[in-house]
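J.: I'd like to ask some things about the structure below.
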Amino acid sequence: CPSLAGIMLLEVFLVLGTIVIYFLFSKKKEETLPFEEGWWGKGQKPDAEEDTTIWPFKVETTEEELSDLFRRLDQARFTEPLESSCFNYGTNTVYLRKVVSYWKNQFNWKKQVEILNKYPQFKTKIQGIDIHFVHVKPPCLPEGQSAKPLLMVHGWPGSFYEFYKIIPLLTDPASHGLSAEHIFEVICPSIPGYGFSEAPHKKDFNSVSAASIFYELMLRLGFNEFYAQGGDWGWLICTNLAQIAPSHVKGLHLNLASVTNMGFIHLLSILLGRHLPRLFGFQDEDVRRMFPFLEKGLYRILLESGYAHIQATKPDTVGCGLNDSPVGLAAYILEKFSTWTDLEFRNLEDGGLERKFNLDDLLTNIMIYWVSGCIVSSMRFYKENVQKGIGTQKHERLTVQVPTGIASFPNEIMHTPQAWAQKKYTNIVSFHFMPRGGHFAALEEPELLAEDILQFVGKVEKEQLWRKK
Amino acid sequence: EGAAFHYGFNSSYLQKVVSYWRNQFDWRKQVEVLNKYPHFQTTIEGIDIHFIHVKPSYVPHGRAVQPLLMVHGWPGSFYEFYKIIPLLTKPAGDDVVFEVICPSIPGYGFSEAPHQKGFDTIAAARIFHKLMNRLGFKEYYLQGGDWGSRITANMAQMLPQSVKGLHLNLIFLGQQGLRRMISVMLGAYVPWLVGLTREDVRRMYPFLQKNFYDLLRESGYLHIQATKPDTAGCGLNDSPVGLAAYILEKFSTWTDKSFLHKDDGGLESKYSLDELLTNVMIYWVTSSIVSSMRFYKENLSKDPGLTADARARVHVPTGIAAFPQEIVHTPRVWAKETFKNIVTYSYMPRGGHFAAFEEPKLLAEDIVRFVRKVEQL
């Protein structure tokens, strides 16, 4: 039968091809990523030295802003969903109408602004653009203990606000029933182009650029050594940070750990891993989460990555309407909070949103995108990171030697087993299968995430002490 | 800075379009333009189907009038045919003359949107056959591009006895297949061996660049519409500016790929703002953007190899007009795998995806040429 022979021929080609590529790239260098200073401001870079002052910032709102929003919510045009489609075609407008009604009548933006302002926020100009960040110090430090600086980076479609529930658990663990062995001062910046950080005006602002800006930020704040935590884009930015400045990053904690350059071994482990898990270093939980691979890997990615595809190619087009229609923006963002928290939520009429989050938190996050008008610039980040091809960038080939902790949540869109992660993160100190939770770990399961961060830091600190002796 | 149309629709140019839309565009006048052809609606399979039906104003004695069904695509509408209709309904010399029927696909424009899941091109094909039947036609010609191409091809597969001829300006090919990949690889070096002509080679290679990467770069909309249409369309139904940016981006890039480098997307070099905005207004006033996007999910969610029409061939006489700036070029040798009776295959000298809108004269000439040949057979 010709097609069977054809398939075999294709497999031989594939195998040969990947063997070649594997050997060409298998020499993973231990070099660091160079620190490059960019310039992202408008027009030409001025000759004068950059102003390094840090000034306090508060979120503000006006009556005008609110009445404009309400007018748009009132005039929104909805399209009826198909019968019994739930969230399988995207955000269900029957549920969306309820959200919009809540947004208009019960959601209190002024009160939320006060909540946002309860943590001290600042801005400072780095490489030509204003960087916004939250900086929370512990309320009280026991005698002899110092606060460990922890940089936490958000992703898309999130914001610094995602960390508001976990911050108190890290700056004041004792009051929340957690071990007070390590106390943190937490810095949550907004990625340039997101929220209250200025958007870059030049092309090519990618995760390495963001990492270099956050590196400068931490140095400017006077921290010589710090921990970094991230998920979604935060995962990549913090990883790059660990590659740029390994001597400054004491530990890297991730709730997402993707592997972008797949090689021959990965292909083989996908084909055979279900039957020979131990051969590829898979644990039972890995197998449970990853197989059947077509269904849980490939099709799932295809089904859920439409947004990434269009944002990585035409961000200005897709973001245009969203910056103009708050309802459209809400539909777009809420869909992710539903599906990425639990894929089963697609089969629920209300997308399961209020099971894990409350509407006030969800809308506050959306409002950050709305009032700052940043949806388009947030989407451009996809293009800047992906346009040269996935798996081709220098930083993707370099490894990370900094002590790494990975919290693997069960409902994350795609599971990365430790066996794969350790090819890139050569110094994995802790890797845990979390019992529950999805993509937005900090917002959905702050205690679980905080506990994992604390135990990770504990291990790193012990290791350091042991080394010093 | 310096992005032109590489990141999508350029917002500086968009502001100019919106200003024209607000201050100079006259929708009432455009509505009169739309109404110059007779419109009708009829209920088929539970939904109201809209169509225009244009008969020739003068038919010389003894000349037969050929019924021609022309089907639009996304993000177009029946309006795309307004410039080509007069060229087809006016008899010139010894030529064929047509009466033209342009329906709106259910979920687009003034046709009601389906309320149930599963409305795909086969369902649309069936509905259009019923429409032609209801209008009293037993045999007719079909013309289509974009979704129209697949719908009319389905119609030819479904009821070949009713289809005198099928004319397409875009070919949907079901499966890529290993054989295709091999012929692509060989075709770069020995095109004659795999049946590719020199013009095919010029249009297709460097294959990786032109086809694979171009497709990836241009198919984001397809990916999101085929998976989350309700999400993608929500904001667009609410923001006319967003809708315009989304739709007009396609009219720019799919007309000429080099328009990506222009600050104004080259739109006004081939179309007038009035025409472009009228098409956008059709989506706006009917609130049909979401239902139009759902068509992608209904058609693309299933495994392409398993659908009923995947292996069915088309045996009716087929004419293909291959425009140079079409998103993907399909050589005759590949089209032959599905279309077994290709009567004409023309390399058009210029034009892109929206052939009827952009080059109505060229397309009309090719349709006439094709039909003339079929009538002589």
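J.: Rounded to the nearest 5, what % of the DSSP beta bridges within the protein assembly as shown are antiparallel ones?
T.: The antiparallel proportion sits near 35 percent.
J.: Right, something else. How large is the accessible surface per residue of region B:276-375, computed with a 1.4 Å probe and reported in Å² as a whole number?
T.: 34
J.: OK, next. Greater than 28 Å separation of Cα atoms is the criterion. Which listed pairs, B:Lys90/B:Lys297; A:Lys111/A:Lys165; B:Lys90/B:Lys373; B:Lys16/B:Lys83; A:Lys137/A:Lys394; A:Lys424/A:Lys468, meet it?
T.: Over 28 Å Cα-Cα: B:Lys90/B:Lys297; A:Lys137/A:Lys394.
J.: Add -39500 (n - 2.57) for each DSSP H run of 4 or more in chain A, then divide by its residues: what number comes out at 222 nm, to the nearest 500 deg cm²/dmol?
T.: Computed ellipticity for chain A at 222 nm equals -13000 deg cm²/dmol.
J.: What is the list of residues in region A:290-308 whose amide nitrogen lies under 13 Å from a point 7 angstrom out from the Cα of A:His275, following Cα to Cβ?
T.: It comes to no residues whatsoever.
J.: Please go through the residue pairs A:Lys42/A:Lys125; A:Lys383/B:Lys228; A:Lys118/A:Lys459 and name each one whose alpha carbons sit more than 23 Å apart in this structure.
T.: Violating the 23 Å limit, Cα to Cα: A:Lys118/A:Lys459.
J.: Follow-up. What are the aspartates and glutamates whose alpha-carbon lies under 15 Å from the alpha-carbon of A:Lys123, with same-chain residues fewer than 8 places away excluded?
T.: Cross-link targets: A:Glu50, A:Asp51, A:Glu60, A:Glu198, A:Glu216.
J.: Mean-square fluctuation check for chain B, GNM, Cα pairs under 10 Å: which of B:Ser288, B:Ser346, B:Ser301 is largest?
T.: Looking only at B:Ser288, B:Ser346, B:Ser301, the largest GNM fluctuation is found for B:Ser301.
J.: By how many nm would the segment from B:Ser269 to B:Lys373 lengthen if fully extended, with 0.36 nm per residue of separation less the alpha-carbon distance?
T.: Result: 34.0 nm gained on full extension.
J.: If eta is 1.002 mPa s and T is 20 °C, what Stokes-Einstein diffusion coefficient results for region A:226-363, Kirkwood Rh from Cα pairs, in µm²/s?
T.: 118
J.: Quick one: if the Förster radius is 30 Å, what FRET efficiency do A:Ser101 and B:Arg28 give, using the C-beta to C-beta distance and rounding to 0.05?
T.: My answer for the efficiency is 0.30.
J.: Extending each Cα 7 Å along its Cβ direction at A:Leu348 and A:Leu302, get the distance between those two points in nm, one decimal.
T.: For A:Leu348 paired with A:Leu302, the spin-label model returns 2.8 nm.
J.: Further question: To the nearest 100 Å², how much accessible surface do chains B and A hide from each other in total, with a 1.4 Å probe?
T.: Looking at B and A, the buried total is near 4300 Å².
J.: Ignoring ligands, DNA and RNA, please state the percent of accessible area on region B:97-142 from carbon and sulfur, probe 1.4 Å.
T.: After summing per-atom areas, the C and S share lands at 52 percent.
J.: Here is a follow-up. Can you classify the protein assembly as shown as rounded, prolate or oblate using the Cα gyration tensor, where a ≥ b ≥ c are the square roots of its eigenvalues, rounded means a/c under 1.5, and otherwise it's prolate if a/b beats b/c and oblate if not?
T.: Taking the square roots of the gyration eigenvalues as a ≥ b ≥ c, the protein assembly as shown is prolate.
J.: Which percent, nearest 5, of DSSP beta bridges in chain A are antiparallel?
T.: 40
J.: To the nearest 20 debye, what is the magnitude of the charge dipole of region A:35-82 about its Cα centre, counting +1 on the Cβ of each Lys and Arg and -1 on the Cβ of each Asp and Glu?
T.: Computed charge dipole of region A:35-82: roughly 320 debye.
J.: Just report the Cα centroid separation between region B:70-141 and region A:445-464, whole Å.
T.: Here the two parts' Cα centres lie 65 Å apart.
J.: Taking just the alpha-carbon atoms of chain A, what radius of gyration and Dmax come out, in angstrom?
T.: 22.6, 78
J.: Now for a different question. Residues of region A:82-113 that become at least 50 Å² less accessible with every protein chain present than in their own chain isolated, using 1.4 Å: which are they?
T.: A:Leu82, A:Glu83, A:Tyr89
J.: For region B:222-377, what does the alpha-carbon gyration tensor say about shape, rounded, prolate or oblate, given a ≥ b ≥ c as the root eigenvalues, a/c under 1.5 as rounded, and a/b over b/c as prolate?
T.: Oblate.
J.: Still on this structure, please answer the following. Please name which of A:His201, A:Gly319, A:Ile213 has its Cα lying farthest along the dipole of region A:181-330 towards the positive end, using unit charges on Cβ (Lys, Arg +1; Asp, Glu -1) and the Cα centre as origin.
T.: Toward the positive end, the furthest listed residue is A:Gly319.
J.: Can you work out the accessible area per residue across region A:204-344, with the rest of the protein chains kept in place, probe 1.4 Å, in square angstrom?
T.: Spelled out: the 1.4 Å probe surface of region A:204-344, per residue, equals 31 Å².
J.: What value, in deg cm²/dmol to 500, does the helix sum -39500 (n - 2.57) over DSSP H runs of n ≥ 4 give at 222 nm once divided by the residues of chain B?
T.: -12500 deg cm²/dmol
J.: Run the numbers on region A:249-354 and let me know its relative contact order in percent, using alpha-carbon pairs under 8 Å that are six or more apart.
T.: 9
J.: Another question about this same structure. Give, as ranges by residue number, the residues of region A:298-315 whose backbone N falls under 20 Å from the point 7 Å along Cα→Cβ of B:Leu215.
T.: A:298-314
J.: Let me ask something else. Would region A:302-380 count as rounded, prolate or oblate if I go by the C-alpha gyration tensor, calling it rounded below 1.5 in a/c and otherwise prolate when a/b exceeds b/c, oblate otherwise?
T.: Note, shape of region A:302-380 comes out oblate.
J.: In addition: If I stretch the segment between A:Met8 and A:Lys125 completely, what's the gain in nm (0.36 nm per residue apart, minus their alpha carbon distance), one decimal?
T.: 36.4 nm
J.: Among A:Gly273, A:Gly230, A:Ile244, which residue has its Cα furthest toward the positive end of the charge dipole of region A:161-300, with +1 on Lys/Arg Cβ and -1 on Asp/Glu Cβ?
T.: Positive-most Cα among the choices belongs to A:Gly273.
J.: Below 8 Å, C-alpha to C-alpha, sequence gap of six or more: please give me the relative contact order for region A:204-313 in percent.
T.: Relative CO of region A:204-313 lands at 18 percent.
J.: Further question: How much length would be gained if the chain were fully extended between B:Lys16 and B:Lys36, taking 0.36 nm per residue of separation minus their Cα-Cα distance, in nm to one decimal?
T.: 4.3 nm
J.: Taking only C-alpha pairs under 8 Å that are 6+ residues apart, what is the relative contact order of chain B in percent?
T.: Relative contact order of chain B: 21 percent.
J.: Can you tell me the accessible area per residue over region A:110-185, all protein chains present, probe 1.4 angstrom, in square angstrom?
T.: Here the residues of region A:110-185 average 35 Å² of exposed surface.
J.: In region B:220-244, which residues become less accessible by 30 Å² or more once every protein chain is in place, relative to the chain on its own, using a 1.4 Å probe?
T.: Those are B:Gly220, B:His223, B:Ile224, B:Thr227, B:Lys228, B:Asp230, B:Thr231, B:Cys234, B:Gly235, B:Asn237, B:Asp238, B:Ser239, which lose 30 Å² or more relative to the chain on its own.
The values are calculated or read from the model by the stated rules, or taken from the named source; none is laboratory data. Nothing here was measured: the structure is a model prediction, and the numbers come from that model. Here Cβ is always computed from backbone atoms with ideal geometry, including for glycine, and neighbour counts include all displayed protein chains. The protein model used for the area step is the full one, side chains on, heavy atoms only, and it has no ligands, DNA or RNA in it. Shrake-Rupley method; radii C 1.70, N 1.55, O 1.52, S 1.80 Å.
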